[in-house]
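Report on the structure given below.
The values are calculated or read from the model by the stated rules, or taken from the named source; none is laboratory data. Keep in mind it's a predicted model, so treat the numbers as computed, not measured. So basically every Cβ, Gly included, is an ideal-geometry build from the backbone, and we count neighbours across all protein chains shown. Calculation scope for accessible area: heavy atoms of the full protein, side chains included, ligands and nucleic acids excluded. Shrake-Rupley method; radii C 1.70, N 1.55, O 1.52, S 1.80 Å.
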Amino acid sequence: MKALLLAGGLGTRLRPLTENIPKPMAPIANRPWLEHLIVHLRDQGVNEFVIAAHHCSDVIRRYFENGKRWNVKITYALEPYPLGTAGAIKNAERWLNERFLVFNADIVHLPELIPLLDFHRQHGGLATIVLTEVDDPSSYGVVEQDDCGRILRFVEKPRCEEAPSNRINAGMYIFEPDVMRYIPAEREVSIERETFPLLIEKNVGVYGIVSNGYWRDMGTPARYRQVHWDALSREFPIPLKGREIQSGVFVGENVEIGAGVLFVPPVLIGDHVKIGPQAVIGPNAVIGDRCQIGARVHCAQTIVWDRSVIRDRSRLQNSIFGYRTVTPAGEVFEDSIINQFKEAVQA
Ligand code: GTP
């Protein structure tokens, strides 16, 4: 089975973190989200991936290369300019000549594929859109379906009382290759705005099925942070690397913990991290691999990416620090998003 991963957006809402990486490469629990996704899909039988990329595509290519390290085959469909969510699929047409999966690679979920594929097969449409149910659908495209699950229309951002359902596009699709006939080549095409309405109008069979389980779009700093807190609370059951040295405190290999360090759970610490004396880490703190945290640092509701140096007595609250950030001693960061390091990320 092949999957096309859409990873070519600019990730503007997550800037400056996405200035030099594609959004799906942002780490979740100290590992790029794209890697979690590929591993999850591989473990369910997907062995070939096409990554549709544009913005900072080199970061993805250098990290995954041909996928051999993950025991999968990865090819890259690069776009000369962002072709949009459907244009990117058309651009990868030469690799997609049998039934295939498509993922918005910035959506954090770990769907179970077999029931979704069974549904697609049984309904026999050209497209199955995986749906998720949300409490407040008013900021999404909401689907209206018939009793068989056929999608009749999308209602964009309805008022809550006017929403036909609470089901929204989860950013995962199962397509037959014939879907390509409905996507124009060599121009930007949006799957939500153009392709789905066209497929519905042509009555080629567009069905929707709900995938239960954790689902979140990581596209804004608040949502990106929330995915982490959900991972730490285990509401999102993603594997956390490390030993649980006290309830809710996961610590990687080769971590030096100074005298009097206080962990306030939940906390996740990567490998080869140094934490200075009397630092207070947590609640809700994720520290990446090879970071150095100075003495008496207070770090809560904060995510620090790999190889960062947070000097003594700094206060970090509700912030995100990109790769290799170095902060001066005694600095206070509240609601900050810092990206100082502008080079590519290596696996
Ligand atoms: P914002 O700029 O913050 O809206 O983010 P985005 O455009 O990167 O993401 P959006 O949520 O709009 O897109 C959903 C998914 O599709 C993400 O994984 C994007 O990387 C991907 N995507 C969006 N536009 C393109 C595109 O033109 N080409 C490709 N290959 N992928 C795209």
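General remarks:
- In segment 204-221, the residues that are more than 16 Å from the ligand (Cβ to nearest atom) and out of contact with any helix residue (DSSP H, G or I) (no Cβ under 8 Å at 6 or more places or on another chain): GLY208, VAL210, ASN212, GLY213
- Selection status of ILE281, in contact (Cβ under 8 Å) with a residue 60 or more places away in the chain and open to solvent by less than 70 Å² (accessible area, probe 1.4 Å): no
- Members of segment 37-56 that are open to solvent by 20 Å² or more (accessible area, probe 1.4 Å) and within 16 Å of the ligand (Cβ to nearest atom): HIS40, HIS54, HIS55, CYS56
- Any hit, segment 203-210, residues being surrounded by 20 or more Cβ atoms within 10 Å (Cβ to Cβ) and among the small types (Gly, Ala, Ser): yes
- Screening PRO82 against (1) in a loop (DSSP other than H, G, I, E, B); (2) open to solvent by less than 10 Å² (accessible area, probe 1.4 Å) leaves a single unmet condition, (2).
- Strands (runs of 3 or more DSSP E) lying entirely in segment 88-164 (those with 3 or more residues that are at pLDDT 95 or above and surrounded by 22 or more Cβ atoms within 10 Å (Cβ to Cβ)): 100-104, 127-133
- Residue in segment 3-19 that is open to solvent by less than 40 Å² (accessible area, probe 1.4 Å), free of Cβ contacts under 8 Å to residues at least 40 places away in the same chain and not in a strand (DSSP E or B) present: yes
- Qualifying residue in segment 58-74 (condition: near the ligand (Cβ under 9 Å from one of its atoms) and either under 30 Å from GLY288 (Cβ atoms) or over 16 Å from the mean Cα position of the chain (by Cα) (or both)): no
- Tally, over segment 170-194, of residues that are out of contact with any Gly (no Cβ under 6 Å at 6 or more places or on another chain), open to solvent by less than 40 Å² (accessible area, probe 1.4 Å) and within 13 Å of the ligand (Cβ to nearest atom): 6
- Only listed residue being open to solvent by 10 Å² or more (accessible area, probe 1.4 Å), in contact (Cβ under 8 Å) with a residue 24 or more places away in the chain and not in a strand (DSSP E or B), chosen from TYR63, TYR76: TYR63
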